[in-house]
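Take a look at the structure below.
Nothing in this text is a laboratory measurement; each read-out follows from the coordinates by a stated rule. Note that this is a predicted model, so its numbers are computed, not measured. Glycine gets a Cβ as well: all are built from the backbone with ideal geometry, and neighbour counts include every protein chain shown.
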Amino acid sequence: MLMSISAITQKPFGTTAIGEHVTEYTLTNNRGSIAKIINLGGIITELHLRDRNGALGDVVLGFDTLEPYLQVSPYFGALIGRVGNRIANAQFMLDGEHYLLAANNGINNLHSGPVGFDKKVWNASAADDVNGPIVKLQLLSEDGDQGFPGNLDVTVTYQLTHDDEVIIDYFATTDKATPVNLTQHSYFNLAAKGDILNHRMQIFADHINAINENQIPVGEPMPVKNSPFDFRVPRCIGELIDANHEQIQNGCGYDHNFLINQKSPKQLTLAARVADEDSGRVLEVLTEEPGVQFYSGNFLDGSLSGKGIVYEKRSGFCLETQHSPDAINQPQFPSIVLRPGAEYRTRTVYKFSIK
């Protein structure tokens, strides 16, 4: 039976080392689906959805308490910024100025550095409309934050709709030219247990960004045809995940940006569809971004646990909508530079259903 109304509640989720209070918001739609979001990093800590038998299951990886999100989390559930993914050699040139960043992924900068948006406490507020409950998050990333130029005002809203969609709207403005490439880093497991190797993946992309051994894009986009990256027809994630292929080896599995088959830029486009046959849960990812990073949880190793689960290798997958990695250093890619007077605005939808 459907609930008649949606609901939003909030409660304390802990305090950071410098005394910032973190709040957990619980969003419930009229189907009884539940999303829990904290204002540290805009992290989706829990996402409970029904299976074909009507049982709720938590389909995202995460922790029970605040401390591991601050210390050891591999970006579970977090908003990523200013720039998602990798920047080669942790540096870039913009308008004749050279910017040095933290090298926190070998020689590269990953997800903007050790204190990226995933580690920030955002200002948060809750609201509700006819489509479902909403959490609105706001952050001022000051000039020089993690080495990036300009004061960047960022707003992100999450809405859990009554159609079991998580709609994410990103908005930003700046007072100085700066790269911006925001994304969301939830690790999904539609079975709510075990690994994700039997999930059936479909990605609507004819090409990927081929990467070198440092996981930086190189050369022209690589066609997926006749490769382990051809998910144009659904197949199990685990089928070719350990194939003898240079790109699989460079990514230690799947950790690549797929270039979505968009009809026109900024058009909300179906990027991927994932299904778990046992539970019946289906995830569709729609985005206005030109790419989606498919990451198959290759570096999970059983050393982390939360919510009663040990997170073994490939116990979750990510579909991070984005512009191409290292775009700030590679002018052949669509630009990620935001300039004063312009607006950064993009939408991604995680839509869930049952089959």
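Centre-to-centre separation between the Cα atoms of region 223-288 and those of region 41-98: 19 Å. Remark: region 282-299, residue by residue, has Karplus-estimated 3J(HN,Hα) of 10, 10, 10, 10, 10, 7, 8, 7, x, x, 9, 7, 9, 10, 9, x, 5, 9 Hz, where x stands for each Gly or Pro and the curve is 6.51 cos²θ - 1.76 cosθ + 1.60 at θ = phi - 60°. By the count of neighbouring beta-carbon atoms within 10 Å, fewest first, R235, R86, R31 end up ordered R235, R31, R86. If you sort the three axes of the alpha carbon gyration tensor as a ≥ b ≥ c, you get a/c of 1.5 or more for region 18-141 and a/b above b/c, which makes it prolate. Each Lys and Arg contributes +1 and each Asp and Glu -1, all at the Cβ; summed about the Cα centre of the chain, the dipole is approximately 640 debye. Residues in region 64-75 carry Karplus couplings, in order, of 7, 10, 6, 3, x, 5, 7, 10, 10, 5, x, 6 Hz; the curve used is 6.51 cos²θ - 1.76 cosθ + 1.60 with θ = phi - 60°, and Gly or Pro positions show x.
Shape of region 7-354 from its Cα gyration tensor (a ≥ b ≥ c, root eigenvalues): rounded if a/c is under 1.5, otherwise prolate when a/b > b/c, or oblate? Verdict is rounded for region 7-354.
Fully extending the segment from A103 to T16, taken as 0.36 nm per residue of separation minus the present Cα-Cα distance, adds 28.9 nm. Cβ-to-Cβ counts within 10 Å put R347, R281 in ascending order as R347, R281, the fewest first. Hey, can you grab everything whose amide H is under 5 Å from the amide H of E24? Only 5+ residues off in sequence or another chain; H modelled, so Pro and N-termini drop out. When sequence neighbours closer than 5 places are left aside, the close amide H contacts are K11, F13. Considering only Q293, Q159, C252, the residue lying farthest towards the positive end of the dipole of the chain is Q159, judged by Cα position with unit charges set on Cβ.
Residues whose amide H lies under 5 Å from that of A271, counting only those 5 or more places away or on a different chain, are V285, L286, T287; hydrogens are built 1.01 Å from N in the peptide plane. Across region 341-352, rounded Karplus estimates of 3J(HN,Hα) from the backbone phi angles (6.51 cos²θ - 1.76 cosθ + 1.60, θ = phi - 60°) give x, 9, 10, 8, 8, 7, 10, 10, 10, 9, 10, 10 Hz, Gly and Pro being marked x.
You can think of it this way: the chain between K307 and V282 has 6.8 nm of extra reach, that is 0.36 nm per residue less the Cα-Cα gap.
Toward the positive end of the charge dipole of the chain, with +1 on the Cβ of Lys and Arg and -1 on the Cβ of Asp and Glu, the farthest Cα among Y170, I203, F92 is that of I203. Dividing the summed helix terms, -39500 (n - 2.57) for each DSSP H run of n ≥ 4, by the number of residues in the chain produces a 222 nm estimate of -1000 deg cm²/dmol to the nearest 500. Between D95 and I8, the modelled label-to-label distance comes to 3.6 nm, taking each label 7 Å out from Cα in the direction of the beta carbon. In this structure, the amide hydrogen of I43, modeled 1.01 Å from its nitrogen in the peptide plane, lies closer than 5 angstrom to those of I38, L79, counting only residues at least 5 positions away or on a different chain.
Across the cross-link table entries K36/K136; K136/K193; K193/K313, which are compared at the Cα atoms, the separations over 19 Å belong to K136/K193. Shape of region 163-290 from the C-alpha gyration tensor: oblate (a/c of 1.5 or more and a/b not above b/c, with a ≥ b ≥ c the square roots of its eigenvalues).
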